[in-house]
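The values are calculated or read from the model by the stated rules, or taken from the named source; none is laboratory data. Since the model is a prediction, treat every value here as computed from it, not as a measurement. Note that we place each Cβ from the backbone using ideal geometry, even for glycine, and neighbour counts take in every protein chain shown.
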Amino acid sequence: MTTLGLDAGELSRCVQCGLCLSSCPTFRVTGDESQSPRGRIALMRAVERDGAPLSTPVRRAFETCVQCRACETACPSAVPFGHLIARTREVLADEGLSVSPPVRAGYAALGHPSLVRAAGRALAAGQRLRAVPRSVGLPRLPLRQGPLTPSGSDVHLFTGCVMDAFERDVHRDTMRVLAAAGFGAMPTGDRVPCCGALHAHAGLTRPARRLAQRAVSALGDGRPVLVDSAGCGAMMKEYGQLLGSDAARELAARVFDVSEWLAPRMAQLPEVRPLDLRVAVQDPCHLRHVQRVHQATRAVLAPFVRELVELDDDGLCCGAGGAYAFVERSEARAIRARKLASIARAVPDVVASANPGCAMHLASGGVRSVHPMTLVARALEEHATSRSARR
Amino acid sequence: MADDALEAFATEVGARGPVAVEGARTRWSTGGELEPGARLLRAPEGIVEHRPEEMTVRVRAGTPVDELHCELAAFGQRTALPRRGGTVGGALAVGEDDVCALGRGRVRDALLQVRYVSAEGAVVTGGGPTVKNVTGYDLCRLFVGSLGTLGLIGEVILRTNPVPPVSRWLRADGTDPFAALDVLFRPSAVLFDGRATWVHLEGHAADVEAERRTLSAVPTAGGGWTECEDGPVLPPHRWSFRPSELRQLDGAVLGAYVASVGVGTVFASHSPPPRPQAPALRALAERVKHAFDPGGRLNPGRHVALLAP
Amino acid sequence: MASRATRRARPQPAAPDPIVAALVGVLGRDRVRDDAAERSLLAHDASVFSGGAAGPVCFPTSTEEVQAVVRTAVAHGRAVVPRGAGTGLAGGAIPLGRPVVVVTTKMNRILDVDLDDRVAWVEPGVVNLDLTTYLRPLGYHFAPDPSSQQACTIGGNVANNSGGPHCLAYGVTGQHVLALDVVLPDGELVRLGGLDAEPPAYDLRGAFIGGEGTLGIATLIAVRITKNPLRVRTLLLAFDTIEDAATTVGSVIAAGIVPAAMEVMDRRITAAVESFVHAGYPLDAGAVLLVEVDGPEEGTAVDAERVVEIGRANGATTVRVAATEEERALLWKGRKTAFGAVAKIAPSYYLQDTVVPRSALPGVLQSVYEIAERHDLMVVNVFHAGDGNLHPLLLFDSREHGAIERVHAAGREIVEVSLAAGGVLSGEHGIGVEKRDYMPLQFSDVDLDHQNRLRRAFDPACRANPGKVLPSGHSCADIQALERVPAGLWG
C-alpha cells in the first residue's frame, strides 16, 4: 500500500466548499470532479487515510494537474495545494508510476546548458527541414543566438535552461530595458544552468534540489536576482521551502520578477511614445497565483503601449504548465482552446506573456505573443530611432 | 395558527360534491364556464395581520384587493396584486399581474404562504411566513393561476413593497415604445395601443425627472411626451405573448388593445383562443390535478390552459 | 482468470454493476465512470454529510443523452440523482443507495441571449458567474448570486431555488427562470413555463424550481436577464455588537428602504475573511454590516444617506463608503468566500440556514450564541440579514470524539428557536438530507401529504433523488434501495 506522506493538517484544511472548482483548468475543460482541486484532495485523503489503491484513474487525476496553483488564490482557507500535489507527484515519480525513462532523461539534460543548446539547435534545424511536425507545438526556434554580455553588476539576470536556448532575445530585451532604467545586469548563464522548476513539477524532487542548491551557491553575493520567466521566478522564490536552509531563504528573498522590480522604479525609465498596439495581458499562473505580482506587468507595460486590455477568463491557466503541454498534450490543448477564445474576444494586436512556456504554448495555438520586456524594449528603441532621425 | 374563519370555510367546503368559490366575479369566466350544479361559496374576508416592518401582510382570500391596498397605503406600502377590482383570492387564482408589473412585481412572486382547503376539506399550508423560504415544495407558485382547481384559497401571506415617493404617467403619439423601454432604466410600465405610448415612471423625484429627460430623446410624432393623470383604460381580455412578439401585433385579431411592452401581456377587446399544450405537459398537468383533486370537484369546468373567456 | 485474481494483493473487486454496460452503450466508455475512487468523490457535496454511495457516474452532453440515461435507469429499476458542481450545503446531491449519478457539468453552453425578450438560454452546467461575465459587455447580468456563484451551476440554482445577497431586492432563482426543458423521472421530456407573459398550464415551472432533483432533471433553462444598475453604492458599517447591526437591518426595512443587499458578519468571521482578501474590514468591530443600494443616481444617494443615519442612530461606530469598483469587489469577495475561510478557525463546519422575521433577528442571534456555548461549540455568524436569513456556522473538528453529536444537537436547537420566532427551516440551501426529518417541525402531516402529491405527480415511481426533502413516512423517502438512513449521514 502506498502512502503519500502528506501533512495531515494540510490535508484536513480543505472544507470541500468547491470555490476552487472554476479556477481549475482541468475541471473547466472536463467538468469532472476527479480533475478538480477538491477532488484531488479527496483522492489524496482516500489514499492516505483509507488506503485506497493508486488505481489508474486516481493516478491520472494527480498527473493531469497543471500545477498552475490558481486554486490556491481561490481558496479562502489557504489550503497549500501546490505543496500537496508536489509531494504526491514526488511519490508517483519515486514509485516509477509516472515519468517514463526517456522523459526522465530529458529532465536530466536540463541541468546541462550545452545539451539544452544543442537540442535547441537540432530542433531549429529540424524545423527548417520540416522534420519537426508542427503538432509538436514548438515556435520557430533560432538557428544561432549571439552570446549575452554583462551590462554591469547591479543585478543578476537569471537566464535559465530552455529559455536561454530558445529565446535568448527576450533576455537581451530585458537587459536593454534594465539598462535604460540605469541597471547593469549580469546574465547568470552557465553559472546557474536551471532553476529546477520543471523537475519539481514532475515530482523529481532530488534533481530539483540539486539545481536549487547550485543556484544558491552561485548567487550568494547578495545582489538582487531578476527573473524574466514567471515559472523560474516562482520556483526560486520557493527555494526556502524546498531546501530549508538559511542561505536558500536569503536568496529567495531577493528574487524578483523583472516587472516586479521595475514597477516601483518606473520614474527611472524615459518617457517615450507608446507603441501603437492594443495589448492583451496574459497572466502566467506562476506570476499571478504563486508570486502574486501580476499587476506589476500592467504597471510596467501601460506607458509603452497604446492600450492594455484584460482577458475575461479571470486568470484561468493557458495549459502550458512547464512541460505539461508536451506531456499531457490533449488536456493542454483543450485548456488552451478556452484561453484562445478569451483572447479572441479581447481582439488584441498582440498578447503579452511574462512566461516563455505560456508564450510558446499560445504561439503554437496561432496567437502572436511576446514577452512584455520585448514590447518595452521595442518602444524604447523606436523612440531612440525616431529621435536620431529627427536630428 | 388556527383560524376559526378558515376552519369554518373548510367545513363549508366539506369533502363531497362539486364546489366553487365566488369572489367579485370580475374575471368570472376565465378558464371556461363553471359547470352548473357546483355549490357556490365565498372565501373568508379580512386582513388578519399587517406587519409593515416585515413587509408582509396576512389576509383572507375574500378580502377585496382595493380594501387591502387602502389599508397598506396608510403605511406607504402596496402589493403586486392587480388594481382591477376583485378579491385577493380571485386575483391569485387568476394569476393576473398589475399592468405596472415591471414596477410592482409579479403576483406569482408575491405569494409567500397559502392556506387552502383541499378537495378532502382539510386546511393545508404551503410556503411560509418569511420573505425568503425554500422549505419543501413550492405550492405557492403552483396555486397562483390555478383557478381554484387544486384547492380553494382561504388565506394568504403576501409580500408588500414600499410605494415610491413620486409617480408619473407620460404619453406620446407616434413613438416607438420599444425604444422607450430600451432607454429607460426601470420603468414601471410601458404601454402601447397601436398609436399612443404610455410610460409610467416611479421613484425619487430627481430620478423620475432624469428618466423623463432620457425619454425626451425618444422621438415622437409631434407634441413630445406629455404628462397625464393615468394610463389607458384596459380592454377586458388578456392575451399572453413573448415580449418580442409585441412588435407584430394584429389589431384585426385582437380588436382594440393595450400591450404591456417588456412583459408580453396584451389587454384586448377580443378574447384569445385556447392554446394548445404539448401532450407530455398535458399529461403531467392532469396528474397534478388528479393528485390534488381526484374527484374533480373543485371549480369544475375551469381549465387552466384557457387563459381568458 | 480466478487464479490470477487471487494472486493479487488487492482485495477482489466487487462484481460489476449490471447497468454499467448499458450506460456505456448510451454514452460511450469515456463518459461513464465506475471506478470506486471516482464514485467516492461524488458521494459528497459541500455539506458535512457523508455516507452517501454513488452508483455509476454519467456525463451526458445533451437532453437526448439525459433522456437515454434516465430510461436506462428506469429499465434497470435504478434511481437517478442529478449533480452540478456539488456546492450544495444540505446534501441534496448526495446519492443514497447507489443511484445513477447524472453530472451536468459537461452541458455548459450558453446557447442564446435575446435582449428583446431579455432572456438567456443556458444548459444546466453553466456556471452562475460565467453567465454574468458573458452578459457584462451587453449591460446585463443574471441576478441570483449565491456565495458559491463562482463555482455553482445554474442547474443547481434551479434545483435549490438559490438566493444570494442580492436576492433581497431581486428575488431568488424562481423569479428569474422563464422556461425549463425537464427530463421527467420516466424519461419523458416536457417544457415547463415559456417566454410569454403567462404560459398556459399550471405554473409547473414554479413548482419544479427548488425541487432538489426530485422532480426531474432540467436540461435547458431560459433565464431572465437583468439590466445592470446605473449606480451602485456599497456601505460598510461597523458596530460594537451584532445585535446593533441586526437592529439596524430591521430599522432600514421598516423605513421603507429595500437595499439590493444587507449582509452581517460577526467579529470572528470578519477576521478570517480579512486575512484572505485584505479588503480593509475592521477587525475591532463586534460586527460589520455590508449594505448595497443600487438603482438610479438620486435614489441610491438618498437611500444610502438614510441607511447611514439609521446605522448611526443604532450605534454604528464607523461608516465607510466603497470609493472604487475594486474596493467594492474586494468587500464582496470577502463576504462571498466567508464559508470557505472558516477552515482557518476549525477544520470542519456545519452551516445552518434558517429564516426569521427581521424584527426577531437580534433575539434569535442571542439564542444562537447561547446554544453554541451550551454545546461547547464555537459559532460564527455571517448572513443575509436583509431578509432575515441566518447562517450560523458551527465550527468543530470531526476527529474529536462526540463533536458531531454536539453539532447535530445544536443545529436542531437553532432550527427550533428559528421556528418558534415565526421563521422557516431553510431560506436558500434547501432541505436535502439535512433537514428532511425536521420538516414535521414546520408542516403538518396533511401539508406534507400535499407536497408529496406534487412530487408523485412528477415521479410516480420514486426514481428521482430518493430519500430527499420529505421525511420518512412519506413515499420516496423510505425506498428499499437505501443502504443507510440519513441519521447515519452525520460525519
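Quick notes on this structure:
- If you check C:ALA37, C:ALA53, C:ALA75, C:ALA22 for being out of contact with any strand residue (DSSP E or B) (no Cβ under 9 Å at 6 or more places or on another chain), in contact (Cβ under 8 Å) with a residue 24 or more places away in the chain, within 25 Å of A:PHE62 (Cβ to Cβ) and surrounded by fewer than 24 Cβ atoms within 10 Å (Cβ to Cβ), only one passes: C:ALA53.
- Search result, residues across the stretch A:226-263 that are farther than 23 Å from A:GLY182 by Cα and among the acidic types (Asp, Glu): A:GLU238, A:ASP246, A:GLU250
- Qualifying positions in the stretch A:233-256 - among the polar types (S, T, N, Q) and over 24 Å from A:PRO284 (Cα atoms): A:SER245
- The lone criterion from (1) assigned by TED's automatic domain parsing to the domain that holds A:ALA185; (2) assigned to a loop (DSSP other than H, G, I, E, B) left unmet by A:CYS232 is number (2).
- Residue that is farthest from B:ALA110 (Cα to Cα), among those in the stretch C:188-216 that are out of contact with any Pro (no Cβ under 9 Å at 6 or more places or on another chain) and acidic (Asp, Glu): C:GLU188
- When restricted to residues that are in contact with a Phe, Trp or Tyr (Cβ under 9 Å, 6 or more places away or on another chain) and over 19 Å from B:PRO18 (Cα atoms), the stretch B:106-123 contains 2.
- Within the stretch A:42-56, being at the interface with chain C (Cβ under 8 Å from one of its Cβ atoms), in a loop (DSSP other than H, G, I, E, B) and under 31 Å from the mean Cα position of the chain (by Cα) holds for one residue alone: A:SER55.
- Listing of helices (runs of 4 or more DSSP H) fully contained in the stretch C:152-234 that carry 1 or more residues being free of Cβ contacts under 8 Å to residues at least 24 places away in the same chain and either of a type in the set (Lys, Arg) or out of contact with any Ser or Thr (no Cβ under 9 Å at 6 or more places or on another chain) (or both): C:204-208
- Residue match in the stretch B:261-273 (condition: over 21 Å from the mean Cα position of the chain (by Cα) and not polar (S, T, N, Q)): no
- Taken over the stretch A:6-40, the criterion of being within 8 Å of chain C (Cβ to nearest Cβ), of a type outside the set (S, T, N, Q) and assigned to a loop (DSSP other than H, G, I, E, B) is satisfied by A:ARG13, A:CYS14, A:VAL15, A:CYS17, A:GLY18, A:LEU19, A:CYS20, A:GLY31, A:ASP32.
- Test: residue in the stretch B:271-289 that is touching a His at 6+ places or on another chain (Cβ under 9 Å), under 28 Å from C:HIS450 (Cα atoms) and more than 14 Å from every other protein chain (Cβ to nearest Cβ): no
- Of all the residues in the stretch B:198-222, those that are outside any helix (DSSP H, G or I), modelled with pLDDT under 95 and within 12 Å of chain C (Cβ to nearest Cβ) number 2.
- Filter pass, B:VAL124 being crowded, with 23+ Cβ neighbours inside 10 Å, touching a strand residue (DSSP E or B) at 6+ places or on another chain (Cβ under 9 Å) and part of a loop (DSSP other than H, G, I, E, B): no
- Filtered residue count, the stretch B:101-127, keeping only those that are closer than 18 Å to B:THR79 by Cα and in contact with a His (Cβ under 9 Å, 6 or more places away or on another chain): 2
- So A:PRO80, is it at pLDDT below 80 and either more than 14 Å from chain C (Cβ to nearest Cβ) or surrounded by fewer than 19 Cβ atoms within 10 Å (Cβ to Cβ) (or both): no
- Among (1) crowded, with 24+ Cβ neighbours inside 10 Å; (2) more than 9 Å from chain A (Cβ to nearest Cβ) - the single one C:THR87 does not satisfy: (2)
- Yes/no for B:VAL253 being among the β-branched types (Val, Ile, Thr), away from every other protein chain (no Cβ under 13 Å) and either surrounded by 20 or more Cβ atoms within 10 Å (Cβ to Cβ) or in contact with a Ser or Thr (Cβ under 8 Å, 6 or more places away or on another chain) (or both): no
- Test for B:GLY32: is it on the phi > 0 side of the Ramachandran plot, at pLDDT below 95 and either surrounded by 18 or more Cβ atoms within 10 Å (Cβ to Cβ) or touching a Gly at 6+ places or on another chain (Cβ under 8 Å) (or both): yes
- Residue in the stretch A:52-66 that is touching a Leu at 6+ places or on another chain (Cβ under 8 Å), over 21 Å from A:ARG329 (Cα atoms) and surrounded by fewer than 21 Cβ atoms within 10 Å (Cβ to Cβ) present: yes
- Filtered by the rule that a residue be at the interface with chain B (Cβ under 7 Å from one of its Cβ atoms) and over 21 Å from C:VAL232 (Cβ atoms), the stretch C:161-173 gives a lone residue, C:ASN161.
- Condition check for A:GLU90: more than 14 Å from chain C (Cβ to nearest Cβ), among the acidic types (Asp, Glu) and within 25 Å of A:ALA230 (Cβ to Cβ): yes
- Flag if B:GLU54 is in a loop (DSSP other than H, G, I, E, B) and either closer than 30 Å to B:HIS204 by Cα or among the small types (Gly, Ala, Ser) (or both): yes
- Candidate set from the stretch A:352-375 (those that are at pLDDT 95 or above and surrounded by fewer than 24 Cβ atoms within 10 Å (Cβ to Cβ)); member that is nearest to the chain's Cα centre (by Cα): A:THR374
- Evaluation of A:GLY111 against (1) of a type outside the set (Ser, Thr, Tyr); (2) away from chain C (no Cβ under 14 Å); (3) in a helix (DSSP H, G or I); (4) within 20 Å of the chain's Cα centre (by Cα) (one fails), failing number: (3)
- Hits in the stretch C:251-271 (condition: within 17 Å of B:GLY76 (Cα to Cα) and either out of contact with any Gly (no Cβ under 9 Å at 6 or more places or on another chain) or assigned to a strand (DSSP E or B) (or both)): C:ALA254, C:ALA255, C:ILE257
- Answer residue from the stretch C:101-120, given it is among the charged types (D, E, K, R) and touching a Phe, Trp or Tyr at 6+ places or on another chain (Cβ under 7 Å) and is nearest to the other protein chains (Cβ to nearest Cβ) among those: C:LYS106
- Members of the stretch B:190-211 found to be under 13 Å from B:PRO164 (Cβ atoms) and either in contact (Cβ under 8 Å) with a residue 60 or more places away in the chain or of a type in the set (Phe, Trp, Tyr) (or both), listed by number: B:HIS200, B:GLU202
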